[in-house]
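> Below: one structure in structure tokens.
The values are calculated or read from the model by the stated rules, or taken from the named source; none is laboratory data. Bear in mind the structure is a predicted one, so any value in this text is a computation, not a measurement. Reconstructed Cβ throughout: ideal geometry from the backbone, glycine too, with neighbour counts over all protein chains shown. These area figures cover heavy atoms from the full protein model, side chains too; ligands, DNA and RNA do not enter into them. Shrake-Rupley method; radii C 1.70, N 1.55, O 1.52, S 1.80 Å.
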Amino acid sequence: QVHLVESGGGLVQAGGSLSLSCTASGGSASTYAIGWFRQAPGKEREFVAVINWRGTGVDYADSVKGRFGISRDVKNTVYLRMNDLQSEDTAIYFCAARPFAIASMPDNFDFWGQGTQVTVSS
């Protein structure tokens with residue numbers, strides 16, 4: 001089992017920034033790709049960004065390209081830097097893990113954190 005814990009969510013005004021963190025531990029955490037997903041009330045869970053197990057490959061949803069950045073460190077912590085936040089970014093943000101390679105479908109990820117709330121307001 002891989003255990004994932006998100007942190008860093010909060011309330012921010014439109015145009016502001018937040019940084020989220022996801023710590024992965026247990027199992028083969030060091031060889032897992034880590035993705036970020038988000039889910040707004042009444043909507044499907046959607047892909048945000050992902051980084052492969054080596055930290056050398058990334059992918060982003062079109063809606064966040066140019067605004068969000070994903071990275072990971074040697075402690076198996078993955079970060080999501082969110083800039084120029086807008087109301088449509090309001091959601092619970094989840095991190096998730098799968099072996100090695102990046103993917104963008106929630107069903108391709110085996111382990112999930114419990115989420116952290118991001119709320120963007122004026």
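> Assuming Val64 fulfils every condition listed in (1) in a loop (DSSP other than H, G, I, E, B); (2) modelled with pLDDT of 95 or more; (3) open to solvent by 20 Å² or more (accessible area, probe 1.4 Å) apart from one, which condition is it?
Answer for Val64: the failing condition is (3).
> Within the range 68-88, how many residues turn out to be modelled with pLDDT of 95 or more and open to solvent by 40 Å² or more (accessible area, probe 1.4 Å)? Working first, answer last.
Of the range 68-88, the ones modelled with pLDDT of 95 or more are 68-71, 78-88.
Going one step further and asking which of them are open to solvent by 40 Å² or more (accessible area, probe 1.4 Å), we end up with 71, 79, 81, 83-84, 86-88.
Residues meeting the conditions: 8.
> When the residues of the range 89-104 are narrowed to those that are modelled with pLDDT of 95 or more and of a type in the set (Phe, Trp, Tyr), which ends up most open to solvent (accessible area, probe 1.4 Å)?
Phe94
> Quickly run through the range 26-49 and pick out the residues that are farther than 19 Å from Gly9 by Cβ and under 14 Å from the mean Cα position of the chain (by Cα).
Answer for the range 26-49, where residues must be farther than 19 Å from Gly9 by Cβ and under 14 Å from the mean Cα position of the chain (by Cα): Tyr32, Ala33.
> Could you please let me know if Ser25 is under 22 Å from Arg98 (Cβ atoms) and modelled with pLDDT under 95? Write out each step before concluding.
On the way: under 22 Å from Arg98 (Cβ atoms): yes; modelled with pLDDT under 95: yes.
The answer is yes for Ser25.
> Same structure again: Give the range 105-118 a look and list any residue that's open to solvent by 50 Å² or more (accessible area, probe 1.4 Å) and either outside any strand (DSSP E or B) or farther than 18 Å from Asn76 by Cβ (or both), or say none.
Scanning the range 105-118 gives Met105, Asp107, Asn108, Asp110, Gln114, Gln117.
> Go through (1) surrounded by fewer than 17 Cβ atoms within 10 Å (Cβ to Cβ); (2) under 16 Å from Asp84 (Cβ atoms) one by one and return the number of the condition Ala49 breaks.
So the condition that Ala49 fails would be (1).
> What strands (runs of 3 or more DSSP E) lie completely within the range 1-56 and have 1 or more residues being under 18 Å from Arg72 (Cα atoms)?
Ranges flagged: 3-7, 18-25, 32-39, 46-51.
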